Amino acid sequence: MDRIDSVHTWDLTQGQPRLFSALECAFSYRDSLFKKPAGQGYLITAVRFRLPKQWVPVISYPDLKNDPELARNATPQKIFDAVCRIRQAKLPDPAKIGNAGSFFKNPIVPAAKQSQLKTDYPALVSYPQADGSYKLAAGWMIEQCGWKGRSLGPVGMHQRQALVLVNHGGATATDVLALADAVVASTQQKFDVTLEREPVLFD
């Protein structure tokens with residue numbers, strides 16, 4: 001989202017195009033205007049990016065930062081290949097098993113809450129934020145609740161990545177929501193942290 005200049009949309013209500021600046025899109029962690037009621041009447045048709053003329057590698061993601069090949073020589077192609085390799089190792093192929101990618105957002109909690117959880121669960125995975133809060137790894141929390149690789153009817157949490165909800169075949173929206181609600185309830189009970197679904201539900 002740091003590179004987005006503007007977003008082109010089609011206003012489904014007015015039947016005409018509308019251009020949104022990056023500021024108007026209100027981008028934040030896995031969120032934007034278009035995931036809120038005020039922005040759900042727009043169909044995104046194109047995105048305009050503003051890229052620096054001088055390329056600078058961004059490998060702050062832990063798996064990229066720890067890649068010895070990238071540490072020696074981080075070219076655009078090598079970063080692309082590494083990202084694809086990492087995602088293929090962790091995430092299911094949607095062509096083989098139905099999924100919507102990461103199903104829950106990583107919750108952000110105050111420092112006091114993170115400290116309390118770290119005391120209770122020393123292996124807690126968390127990331128400090130600029131404002132002093134902490135982002136918790138939802139996948140780790142879901143795994144601690146016993147949901148990794150576990151199914152509820154035709155849906156389940158993926159065996160390699162507990163954050164990904166998968167459809168083993170024939171699942172309905174009711175099946176998906178039942179599992180999602182069960183995962184949220186388990187995490188709430190164990191950690192006193194409420195997970196938020198990332199996919200938007202349309203009636």
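The values are calculated or read from the model by the stated rules, or taken from the named source; none is laboratory data. Fair warning: this is a prediction, and the values are worked out from it, not measured in the lab. Every residue, glycine as well, gets a Cβ built from its backbone with ideal geometry; the counts of neighbours run over all protein chains shown.
Looking across segment 151-171, the residues that are closer than 17 Å to GLY139 by Cα and buried (at least 18 other Cβ atoms within 10 Å of the Cβ) come down to VAL155, GLY156, MET157, HIS158, GLN161, ALA162, LEU163, VAL164, LEU165, VAL166. Restricting segment 116-132 to residues that are closer than 18 Å to GLN188 by Cα and surrounded by 13 or more Cβ atoms within 10 Å (Cβ to Cβ), which is farthest from the chain's Cα centre (by Cα)? Checked segment 116-132; the qualifying residue farthest from the chain's Cα centre (by Cα) is GLN116.
Restricting attention to segment 32-57, the residues being of a type outside the set (Lys, Arg), more than 30 Å from PHE202 (Cα to Cα) and free of Cβ contacts under 8 Å to residues at least 12 places away in the same chain number 3.
Filter segment 40-78 down to the residues that are β-branched (Val, Ile, Thr) and more than 30 Å from GLN14 (Cα to Cα), then identify the one that is modelled with the highest pLDDT. By that ranking, first place goes to THR75. If you filter segment 50-64 down to residues that are charged (D, E, K, R) and loosely packed, with under 13 Cβ neighbours inside 10 Å, you find that the one that is farthest from LYS90 (Cα to Cα) is LYS53. ASP67 satisfies every condition listed in (1) charged (D, E, K, R); (2) surrounded by fewer than 17 Cβ atoms within 10 Å (Cβ to Cβ); (3) more than 24 Å from SER28 (Cα to Cα) except (2). Of the numbered criteria (1) touching a strand residue (DSSP E or B) at 6+ places or on another chain (Cβ under 8 Å); (2) in a loop (DSSP other than H, G, I, E, B); (3) more than 19 Å from PRO92 (Cα to Cα), the one ALA171 fails is (3).
Return the total of residues in segment 84-105 being surrounded by 14 or more Cβ atoms within 10 Å (Cβ to Cβ) and free of Cβ contacts under 8 Å to residues at least 40 places away in the same chain. Here the count works out to 1.
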